[in-house]
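Before any comments, here is the structure.
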Ligand code: DX5
Ligand code: ZN
């Protein structure tokens, strides 16, 4: 069986020691770097942008999984491709012409992801599921790390898994927000393929062990 993946979110890293934290992830059992870009408009917070992604790309040796929490993401697709993003995820709620946006992301050589907010129904993905490489289910309201996991997510994972199977799609399911050793195993059993974890990894006493344990739980 394909292994379930762990994607530490650099939002919770120590930005004063960003290279150190990137090297930690490089040497860990983590699979992807999760990179949260926030514009202060789509979400009520601003994280970091292009120059920081460029710096991350210089040191990171694993897949760069970029999560855009910005309005009108079409403006920057080419820039993110140039800066080394492997996966580019846009928000369903931020795209008027989602089908077109996904085609452009793919034409730039990246995997195309769609993120959905906690209030967005899985059924809205029915007509687009076969065009999506990855659906990111937000299990907190986007904008901040360290929030509590929204339990309704479990139901959404099962619904999405069913939709993927019904359509014979190859879409991966990624869960973002409030992931910890308390829910990792259950999320993956419900159908999640990738778990994003910010605070749980970077605020841990031993991030390397924490990643290893999370990956073990995800694949249990
Ligand atoms: C929130 C971001 C998440 C965040 C997760 O808007 O999309 O990726 O970093 O942080 P934790 O794991 O602390 O909930
Ligand atoms: Zn994220």
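Readers should treat all values here as calculations from the given coordinates under stated rules, not as data from a laboratory. Being a predicted model, the structure only gives us computed values, none of them experimental. Note that each Cβ is placed from the backbone with ideal geometry, even for glycine, and that neighbours are counted across all protein chains shown.
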Quick check: anything in segment 82-95 touching a helix residue (DSSP H, G or I) at 6+ places or on another chain (Cβ under 6 Å), within 13 Å of ligand 2 (Cβ to nearest atom) and under 18 Å from residue 67 (Cβ atoms)?
yes
Check on residue 94, away from ligand 1 (no atom under 16 Å from the Cβ), closer than 25 Å to residue 75 by Cβ and under 17 Å from the mean Cα position of the chain (by Cα):
no
Candidates 198, 191, 145 - the one that is at positive phi and touching a residue at least 24 places away in the same chain (Cβ under 8 Å):
191
Condition met for residue 181 (within 23 Å of residue 211 (Cα to Cα) and within 11 Å of ligand 2 (Cβ to nearest atom)):
no
Could you say which residue among 77, 56 is buried (at least 20 other Cβ atoms within 10 Å of the Cβ), assigned to a helix (DSSP H, G or I) and away from ligand 2 (no atom under 15 Å from the Cβ)?
77
All-but-one check, residue 220 against (1) within 24 Å of residue 66 (Cα to Cα); (2) in contact with a helix residue (DSSP H, G or I) (Cβ under 8 Å, 6 or more places away or on another chain), failing number (1)
Count, please, the residues in segment 1-18 that happen to be surrounded by 14 or more Cβ atoms within 10 Å (Cβ to Cβ) and farther than 20 Å from residue 219 by Cβ.
5
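Yes/no per residue for (1) closer than 28 Å to residue 191 by Cβ; (2) not in a loop (DSSP other than H, G, I, E, B):
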{"position": "3", "(1), (2)": "yes, no"}
{"position": "7", "(1), (2)": "yes, yes"}
{"position": "16", "(1), (2)": "no, yes"}
{"position": "37", "(1), (2)": "yes, yes"}
{"position": "67", "(1), (2)": "yes, yes"}
{"position": "71", "(1), (2)": "no, no"}
Can you name the condition, by its number, that residue 28 falls short on among (1) buried (at least 17 other Cβ atoms within 10 Å of the Cβ); (2) touching a strand residue (DSSP E or B) at 6+ places or on another chain (Cβ under 7 Å); (3) not in a strand (DSSP E or B)?
(2)
All positions within segment 205-220 that are in contact (Cβ under 8 Å) with a residue 40 or more places away in the chain and buried (at least 16 other Cβ atoms within 10 Å of the Cβ)
207, 211, 214, 215, 218
